[in-house]
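Heads up, the thing below is written out as structure tokens.
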Amino acid sequence: MNIGSRRELFLDRHLIESSNGTQLVLHEPMPGGVALRFDLPWEGKFAAYPTILHGANGYQLYYRGEPEAGPDGNIGEVTCYAESKDGIHWTKPELGLFMVMGKRNNNVIGAGEPPFSHNFSPFIDTRPGVPPEERYKALAGVATSGLHAFVSADGVHWRRWQSDAVFRDGGYVFDSQNVSFWSESEQRYVLYYRKFINEIRTVARSESTDFVHWSQGKPMEFTSHAPISAEQLYTNQTQSYFRAPHMYIALAARFMPERAALGGDLRHKLGIGGDHWQGNDCSDAVLMSSRGGYEYDRTFPQAFIRPGADELNWTSRNNYPALGIIPCGEREMSIHVQRNTGWPSNCLERMTLRLDGFASVRAEYETGEMLTRPLIFKGERLELNYATSAAGCIRVEIQDADGKPLAGFGLNDCRQIMGDEISRVVSWTGGSLSQHQTRPIRLRFQMKEADLYSIRFEHR
């Protein structure tokens with residue numbers, strides 16, 4: 001397989017041919033505190049479906065405002081906006097674009113056009129040649145309206161691209177966040193949207209070359225671990241990962257209908273009756289990945305984000321991740337998850353991971369090994385994102401396609417790697433790798449008390 005100079009994360013077994021004493025491990029995001037409270041009168045308990053963008057205009061956050069629950073696309077829904085310089089501290093600007101609840105000094109960028117504030121989901125279009133006035137794009141709508149396209153130059157002032165829907169699909173669809181983006185690796189726009197199949201909430205996908213004409217939607221398939229019937233995917237939050245655009249990360253909300261977590265005492269404390277919808281199900285989040293096409297990989301079937309100790313997060317429609325994985329500093333990235341949905345304390349929590357740190361190849365105390373499939377690369381050196389203990393280390397051997405070590409690039413030729421670095425260049429006595437760029441090679445990793453998050457061949 002030709003990986004060129006792409007960064008490759010260990011979210012699946014795509015690169016791995018064999019392992020002995022190593023395993024793929026899912027890592028847990030760390031709590032980073034409340035990022036934003038949905039506390040303005042037009043936001044409220046049922047504010048939902050956040051999207052976070054990072055680009056030339058800084059960090060921008062979009063979400064639905066809905067003080068009281070109503071039918072999908074009701075007139076009380078608005079599209080709200082916040083912004084940040086660092087992705088950590090957020091402000092809600094008074095934009096003066098719409099009159100809402102008798103007040104024009106608000107942070108609303110969309111109102112009065114149901115159903116488009118129900119699930120407005122934007123992205124920054126990175127397709128080469130996109131006119132500046134269409135740099136931001138979004139899709140919004142419900143089953144009856146279809147999905148409509150919106151464009152903007154700055155992400156604040158939006159217009160509908162055309163009067164008709166750009167995409168429709170029969171049946172019960174679109175009633176959660178439907179996400180789209182320009183795929184650099186597939187050279188097309190892709191859309192991942194909600195669809196019911198056999199009364200199960202799942203994900204379908206469509207493609208387009210112009211954002212107006214879309215292919216017929218097709219359900220996604222699940223490799224490794226398919227969701228069981230009791231597990232439903234409420235939102236999918238599929239996005240191109242900013243450090244490896246060919247890899248798509250899906251932070252999906254796993255919805256467990258009729259799985260009540262609250263006992264009678266807690267229901268009474270929270271004022272939830274026996275048949276009240278808020279007490280009849282629970283949710284968490286799972287991590288899926290894709291390399292394009294109509295397959296998700298679920299190497300890790302377990303929860304990625306749990307509800308935690310807060311009893312309000314064990315009520316309905318909670319713990320849904322926001323769309324948007326963003327860099328925050330040289331070593332860290334942020335993801336966000338909704339907490340306390342349906343309650344006055346409804347908020348967005350920031351969680352953190354190291355860059356590329358969703359998962360890793362791990363060796364425990366006993367030395368283990370991992371061998372890749374044959375690869376063709378482009379570059380002069382190999383960069384690792386890794387961490388070891390004080391007693392741990394990593395060595396790398398480069399082999400030919402038949403498993404024979406290349407002269408000067410064997411295990412004993414590799415300088416021992418230890419520490420905790422986002423970018424560490426491997427050094428061998430054999431020198432530069434450029435002489436081996438056109439031939440298939442394998443990488444043999446020998447590891448002890450170590451995690452390997454990603455690899456990348458690169459030029460100096």
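The values are calculated or read from the model by the stated rules, or taken from the named source; none is laboratory data. A quick note: this is a predicted structure, and the numbers were derived from the prediction, not measured. Using ideal geometry, Cβ is built from the backbone for each residue, glycine included, and neighbour counts are taken over all protein chains shown.
Taking the criterion of being hydroxyl-bearing (Ser, Thr, Tyr), surrounded by fewer than 16 Cβ atoms within 10 Å (Cβ to Cβ) and either under 30 Å from the mean Cα position of the chain (by Cα) or not assigned by TED's automatic domain parsing to the domain that holds Pro301 (or both), would at least one residue in region 361-368 satisfy it? Yes, region 361-368 contains a residue that is hydroxyl-bearing (Ser, Thr, Tyr), surrounded by fewer than 16 Cβ atoms within 10 Å (Cβ to Cβ) and either under 30 Å from the mean Cα position of the chain (by Cα) or not assigned by TED's automatic domain parsing to the domain that holds Pro301 (or both). The condition of being out of contact with any Gly (no Cβ under 6 Å at 6 or more places or on another chain), over 30 Å from Gly87 (Cα atoms) and modelled with pLDDT of 95 or more holds for Ile394.
Closer than 30 Å to Lys448 by Cβ, among the polar types (S, T, N, Q), more than 19 Å from the chain's Cα centre (by Cα) and surrounded by fewer than 20 Cβ atoms within 10 Å (Cβ to Cβ), is that true of Ser84? In short, no.
Checking each residue in region 317-335 for being surrounded by fewer than 21 Cβ atoms within 10 Å (Cβ to Cβ), more than 16 Å from the chain's Cα centre (by Cα) and on the phi < 0 side of the Ramachandran plot picks out Glu330, Arg331. Does Arg424 fit the bill of being within 23 Å of Arg6 (Cα to Cα), among the basic types (Lys, Arg), assigned to a strand (DSSP E or B) and within 29 Å of the chain's Cα centre (by Cα)? So Arg424 passes the test. Remark: Leu371 matches the filter, which requires a residue to be assigned to a strand (DSSP E or B) and under 18 Å from Ser19 (Cα atoms). Restricting region 146-173 to residues that are among the small types (Gly, Ala, Ser) and part of a strand (DSSP E or B), the residue that is farthest from Ala56 (Cα to Cα) is Ala149. The strands (runs of 3 or more DSSP E) found entirely in region 174-228 that carry 1 or more residues being touching a residue at least 40 places away in the same chain (Cβ under 8 Å) and closer than 23 Å to Gly73 by Cα are 179-183, 188-197, 200-208. Taking the conditions (1) surrounded by fewer than 16 Cβ atoms within 10 Å (Cβ to Cβ); (2) at pLDDT 90 or above; (3) in contact with a helix residue (DSSP H, G or I) (Cβ under 7 Å, 6 or more places away or on another chain) in turn, Gly279 satisfies each one other than (1).
Would you check if Gly102 is over 30 Å from Ile441 (Cβ atoms) and either buried (at least 22 other Cβ atoms within 10 Å of the Cβ) or of a type in the set (Phe, Trp, Tyr) (or both)?
When the stated conditions are applied, Gly102 does not pass them.
Within region 228-254, the only residue that satisfies the criterion of being surrounded by 15 or more Cβ atoms within 10 Å (Cβ to Cβ), of a type outside the set (Asp, Glu) and more than 25 Å from Ile326 (Cβ to Cβ) is Gln232. Entry remark, region 1-14: residues being assigned to a loop (DSSP other than H, G, I, E, B), surrounded by 19 or more Cβ atoms within 10 Å (Cβ to Cβ) and not charged (D, E, K, R) number 2 in total.
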